[in-house]
Amino acid sequence: MSDVEDATAFLGEWGRFQQQVFLLLCLTVIPNGFTGLSIVFIADTPPHRCLIPAHVNLTAAWRNSSIPLEEESHSGALVPSKCSRYKLEDVQSFSDRGLLPGVDVNLSYVATEHCLDGWEYDRSVYISTITTEWDLVCDDRWKNPLTSSLYFCGVLTGSFISGQFSDRYGRKIVLCVTVALQTVFAVIQVFASSWAVFCAIYFLVGMALISTYVTAFVLGTEILGPRVRTIYSTAGVSLFFAGGYMLMPVVAFFVRDWRMLRLGLALPGILYVPLWWYIPESPRWLLSQGRVEEAEAVIRAAAKRNNIEPPSVIFGSLKKELQSEGRRAHNICDLLGSRNIRWISVTLWLVWNTLTIAYFALSLNTANLHGNAYFNCFLSAVVEIPAYFLSWVMFRWCSRRLSLFSTLFMGGVFLLFIQLVPTNLIYVSISLEMMGKFAVTTAFALAYAYTAEVYPTVLRNSAVGACSMASRIGSITAPYFIYLRSYSISLPYILMGSLTALSGLLSLLLPESYGMPLPDTITHMQHFPGCCKKTPYTLTHREEKENKAERKSPVLP
């Protein structure tokens, strides 16, 4: 199977077939950019205070003074309380007797009570959010970060299921089914009648969305040639993701009601229906299943699309090897099956976990930054564009390990520097946060591409799905990193910065894959430092020849 690229080289790198696959697969990634991160606006918490019912007869002075003042934790300024009011019976009694607040009555001695009649929300920015509709504030404010966490629980589940199904039943069918499901679930979510129903459907949306992303990513990696594959796996899918991310605050700016926003972002999914007829199955996956004739049919159709005459026999020399190794049933347990692949998997899971904490925490934090929330979110998306271009440049010409290490470590350093900036230099802090987001985004794109490159075809979708699944522990906890702002503004940055920098150091242990052929079987994988022996699978004749070549020209791990 190492000869797959040689056998299909006659197709060329960038014909009409490759262009079609590249574009259509990238288009499927756009919803990933706005669906998960739209929670920034859908669940935002506008300024609020306890509601004083309109029917309560109070003088203007007492109505304006019915909310006690509290000291804001991070600035020390006095602001109206969000979760309490002066006891309404007492306030009404003072008002009826003609007493003035602060003059005849010392407000510090007036009893307070919870917001028994609900809350009054500032409607200057949002018509409605799930926070204002279901009062996810004060005693129920824990539900707000839990909403995002439950979405990422769905992403975790989808990462596991999609990898298994895709490696067993094929990339194309899983891609098309999950594209349809994410649209259906998103439309149903618009009609959620309660917070619990919203979260349950959001879980399913996350499950379908990540399944689409991972499957499209792997399918493109396997179909496209080496040079185009590098562009696709770094800048290609990532730029379309960023495009969806940039589109989201623009749409949200004009649609301020959360239900209409959710519907507006969901309906374009209908345009993906024709994908079934235009996206082929992965020839590499078909070969790994021993379905040589079907793989040849895909390649012949591609050759026809590129106006190229294919050879009479394309994969004939690979049949024996396919029958011995390629048709062996593989599953996610093989990611821990030998010492070499086990150490690679565990290290990548830790790196991915840290990346998702930093990436999603910084993305979800845009609503809390100083200034306009829509502009800050758009800026956070724009920062990703040069990051993805940089990831392509680094992946094309630089060492994989050093690229991943440098971006992770610098991202951690930028985030750690934020706590050293004086509170009055707000824009310096925002700049450092955006620089941290830039570095983390670059590292994330590199990690995706490196993972697809280091694992073999027989496990690639399961491996990328497993890394995505393991990382969801990070994304599930990411909203709570932002929640720590209520205790200390700098605490989230200290934790994220430290974890990201340490993860960068850990990435130096990973094997180097720059310039190596895409592995098709487990025995073709690069070695983790300290795991120098071949995995206990039977070597093919070709692999024995490769081992002799390696001994003559050894490859550093």
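Are any residues in segment 139-194 of a type in the set (Phe, Trp, Tyr), farther than 26 Å from TYR278 by Cα and part of a helix (DSSP H, G or I), and if so, which ones?
TYR151, PHE152, PHE160
When you check LEU350 against the structure, is it at pLDDT 85 or above, within 23 Å of LEU459 (Cβ to Cβ) and open to solvent by 20 Å² or more (accessible area, probe 1.4 Å), yes or no? Explain how you work it out, then say what you get.
Details: at pLDDT 85 or above: yes; within 23 Å of LEU459 (Cβ to Cβ): yes; open to solvent by 20 Å² or more (accessible area, probe 1.4 Å): yes.
Spelling it out, LEU350 is indeed at pLDDT 85 or above, within 23 Å of LEU459 (Cβ to Cβ) and open to solvent by 20 Å² or more (accessible area, probe 1.4 Å).
Of the residues that make up segment 515-529, is at least one of a type in the set (Val, Ile, Thr), modelled with pLDDT under 75, open to solvent by 50 Å² or more (accessible area, probe 1.4 Å) and assigned to a loop (DSSP other than H, G, I, E, B)? Steps first, answer last, please.
Narrowing segment 515-529 to residues of a type in the set (Val, Ile, Thr): 521-523.
Applying the additional criterion that residues be modelled with pLDDT under 75 yields 521-523.
Restricting the remaining residues to those that are open to solvent by 50 Å² or more (accessible area, probe 1.4 Å) gives none.
Checked segment 515-529: no residue is of a type in the set (Val, Ile, Thr), modelled with pLDDT under 75, open to solvent by 50 Å² or more (accessible area, probe 1.4 Å) and assigned to a loop (DSSP other than H, G, I, E, B).
In segment 195-239, which residues are surrounded by fewer than 21 Cβ atoms within 10 Å (Cβ to Cβ) and outside any helix (DSSP H, G or I)?
The one that is surrounded by fewer than 21 Cβ atoms within 10 Å (Cβ to Cβ) and outside any helix (DSSP H, G or I): GLY225.
Looking only at segment 240-290, count every residue that is assigned to a loop (DSSP other than H, G, I, E, B) and open to solvent by less than 10 Å² (accessible area, probe 1.4 Å) and tell me the total.
The first filter runs over segment 240-290 and keeps only residues assigned to a loop (DSSP other than H, G, I, E, B), leaving 255-256, 273-274, 279-282, 289-290.
With the extra rule that they be open to solvent by less than 10 Å² (accessible area, probe 1.4 Å), the set shrinks to 279, 282.
Count: 2.
Considering only helices (runs of 4 or more DSSP H) fully contained in segment 3-108, which possess at least 1 residues that are surrounded by fewer than 17 Cβ atoms within 10 Å (Cβ to Cβ)? Talk me through it step by step, then tell me what you get.
Details: elements: 4-7, 16-27, 30-34, 39-42, 60-64, 88-96.
Where helices (runs of 4 or more DSSP H) fall fully within segment 3-108 and carry at least 1 residues being surrounded by fewer than 17 Cβ atoms within 10 Å (Cβ to Cβ), they are 4-7, 16-27, 60-64, 88-96.
Considering only residues that are touching a residue at least 60 places away in the same chain (Cβ under 8 Å) and either buried (at least 24 other Cβ atoms within 10 Å of the Cβ) or in contact with a His (Cβ under 6 Å, 6 or more places away or on another chain) (or both), which ones fall in segment 159-178?
Within segment 159-178, SER159, SER162, GLY163, SER166, ASP167, ARG171, LEU175 meet the criteria.
Name the pairs: first residue in segment 243-266 and within 21 Å of SER124 (Cβ to Cβ), second residue of a type in the set (Asp, Glu) and assigned to a helix (DSSP H, G or I), Cβ to Cβ under 8 Å, at least 6 apart or on different chains?
These pairs meet every condition: TRP258/GLU133.
In the set LEU502, LEU508, which member is closer than 27 Å to VAL228 by Cα and either at pLDDT 85 or above or under 24 Å from the mean Cα position of the chain (by Cα) (or both)?
Numbers: LEU502 fails: closer than 27 Å to VAL228 by Cα.
Sole residue among the options that is closer than 27 Å to VAL228 by Cα and either at pLDDT 85 or above or under 24 Å from the mean Cα position of the chain (by Cα) (or both): LEU508.
Quick check, is VAL155 open to solvent by less than 20 Å² (accessible area, probe 1.4 Å) and without any contact (Cβ under 8 Å) to a residue 24 or more places away in the chain?
Details: open to solvent by less than 20 Å² (accessible area, probe 1.4 Å): yes; without any contact (Cβ under 8 Å) to a residue 24 or more places away in the chain: no.
Answer is no for this residue.
Where residues in segment 356-376 are within 16 Å of MET435 (Cβ to Cβ) and touching a Gly at 6+ places or on another chain (Cβ under 8 Å), which of them is surrounded by the most Cβ atoms within 10 Å (Cβ to Cβ)?
To start, the set of residues in segment 356-376 that are within 16 Å of MET435 (Cβ to Cβ) comprises 358-359, 361-363, 365-366, 369, 376.
Restricting the remaining residues to those that are touching a Gly at 6+ places or on another chain (Cβ under 8 Å) gives 358, 362.
Values: ALA358: 31, LEU362: 26.
Only one residue tops the list, namely ALA358.
The values are calculated or read from the model by the stated rules, or taken from the named source; none is laboratory data. This one's a predicted model, so the numbers in the text were calculated from it and none came from an experiment. Here the Cβ is made from the backbone with ideal geometry for all residues, glycine too, and neighbour counts use every protein chain on show. When the accessible area is computed, the model is the full protein with side chains, heavy atoms only, and any ligands, DNA or RNA have been set aside. Shrake-Rupley method; radii C 1.70, N 1.55, O 1.52, S 1.80 Å.
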